[in-house]
Structure formats: structure tokens, C-alpha cells
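Contents: one structure, followed by commentary.
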Amino acid sequence: TGILIRGKTDWNFIHQTFFDYCYARRFVEQGNNIFETLLASKQGVFERPKLIQIISYLRTYDHPQYLRDLQNLLFSNVLRFHLYDLLLNWFGGLQNPKTDEWNLALKILGDDQKFSRLLIAMYGNPEWFKYLTPFIPHWLEDEERQAVTLGYLRSIIDHSQHETIQILERFLGKSDMWNEQI
């Protein structure tokens with residue numbers, strides 16, 4: 001009731017998200033594979049909503065398959081930029097990331113070419129903070145990673161003020177640059 005509404009000439013879904021959910025559910029339950037499907041497609045703009053809906057559905061429906069597909073997608077060199085970027089931003093915005101998701105994130109963060117892109121995708125998301133905390137002091141010591149890491153800390157300071165200050169205290173007085181940043 002209330003999902004389908006009668007239009008002048010046809011029926012419409014009242015909520016696009018419900019349609020997306022139904023599409024993702026059907027896709028997965030038919031045994032389709034998002035990684036293989038994307039690689040076989042032209043990877044155009046119409047694939048963008050499919051990617052996010054399916055991977056989001058898999059996260060709760062079949063977590064082991066979700067992890068396999070996510071890993072294949074995140075470490076594939078054949079995924080077009082707009083899809084990879086979309087997936088990385090979705091991943092960086094995850095609420096309540098699990099340890100196995102952190103393990104994938106850690107592999108990406110270990111890649112100098114991908115580090116900044118993922119950490120920027122995590123900006124404003126304090127959900128990753130508990131995993132990132134042990135690494136942040138080391139990244140702040142690394143001139144290549146310092147600016148992006150400070151940007152992440154700035155983006156979550158309202159949520160994790162005490163913890164952020166604890167991390168930055170050790171850099172206070174280290175140099176004029178650090179004093180200015182802090």
C-alpha cells in the first residue's frame with residue numbers, strides 16, 4: 001500500500017529507494033555478480049546507481065560475497081574512474097564499518113597512489129576514527145601524508161575533539177608550522 005501510485009497513463013513507484021532496493025535484491029538473488037556485470041558493461045552513468053544499490057544490499061544480505069566483490073572492485077584496474085570514485089566515496093562514508101572493511105581500507109591506505117583519495121572520502125566521517133587513530137601520528141610525521149591527514153582531523157574535530165587534541169598535543173611546539181596548524 002502506498003508504494004505504487006496510479007499516474008495518468010501508468011503506474012509509478014512512489015519511492016525510488018524502494019525500487020532500487022527491489023532491483024538490488026533481485027539482482028543478487030538471481031546469482032548475478034556486480035563485478036562481472038560491470039566489467040561486461042560499458043560502465044556508463046547508468047551503472048552508477050546499480051553499483052551502490054547492489055553493493056549496499058550485499059553488505060547486509062551476503063557479507064562474504066560483499067567483501068569479495070568490494071575487494072575486486074576496489075583493487076581492479078579496469079573499473080572506470082567515475083565508478084571507482086563513486087565506490088570509494090561510498091566506502092569512505094560507511095556507517096559502522098566492520099573490521100573486515102577496515103582491512104580492505106588499510107590495504108588502500110597503504111598504497112601511496114590511493115591513500116589521499118580514500119582518506120579524503122573518509123572526511124567528515126568519524127566512524128573510521130577508531131581504526132585510523134593508531135596510524136594518524138605516523139601519517140602526520142610523513143610529509144606526503146601530513147596535509148590530507150590534518151584535513152581528516154579537521155573534518156571530525158567536532159565529533160572527536162578530545163581524541164584529536166590528544167593526537168595533536170605531541171606536535172605542539174615542534175615547529176612554527178605545527179603551532180600554526182594546531
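Below are the figures for this structure:
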item	result
For region 168-180, 3J(HN,Hα) per residue [Karplus equation, 6.51 cos²θ - 1.76 cosθ + 1.60, θ = phi - 60°, Hz, x = Gly/Pro]	7, 4, 5, 9, 5, x, 5, 6, 4, 4, 5, 4, 5
Tilt relative to the chain, helix 47-61 - C-alpha long axis, 0 to 90 degrees, to 10	80 degrees
Evaluated at q = 0.11, 0.12, 0.19 Å⁻¹: base-10 log I(q)/I(0), Debye formula over Cα of the chain	-0.59, -0.67, -1.23
Phi-based couplings in Hz for region 146-156 (Karplus 6.51, -1.76, 1.60; Gly and Pro marked x)	4, 5, 5, 5, 4, x, 4, 4, 4, 6, 10
From phi via Karplus (6.51, -1.76, 1.60), per-residue ³J(HN,Hα) for region 31-40 in Hz, x at Gly/Pro	x, 6, 10, 5, 5, 5, 5, 5, 5, 7
Computed magnitude of the charge dipole of the chain (debye, nearest 20; Cβ of K, R +1, Cβ of D, E -1)	800 debye
GNM flexibility winner over the chain from Gln161, Gln71, Gln43 (Cα, springs under 10 Å)	Gln161
For the chain, accessible area per residue (1.4 Å probe, heavy atoms of protein chains only), Å²	60 Å²
Net +/- balance of residues flanking Asp85 in space, Cβ distance below 12 Å, scoring K and R +1, D and E -1	+4
Computed label-point distance, nm, for sites His63 and Leu106 using a 7 Å Cα→Cβ extension	1.7 nm
Protein accessible area in region 72-141, 1.4 Å probe - carbon and sulfur %	53 percent
Helix-only mean residue ellipticity at 222 nm for the chain, each DSSP H run of n ≥ 4 adding -39500 (n - 2.57), per residue, nearest 500	-18000 deg cm²/dmol
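The values are calculated or read from the model by the stated rules, or taken from the named source; none is laboratory data. Quick caveat, the model's predicted, so the values are computed rather than measured. Quick reminder, even Gly has a Cβ in these numbers, built from the backbone with ideal geometry, and neighbours come from all protein chains shown. Side chains are part of the model used for accessible areas, which takes the heavy atoms of the whole protein and leaves out ligands, DNA and RNA. Shrake-Rupley method; radii C 1.70, N 1.55, O 1.52, S 1.80 Å.
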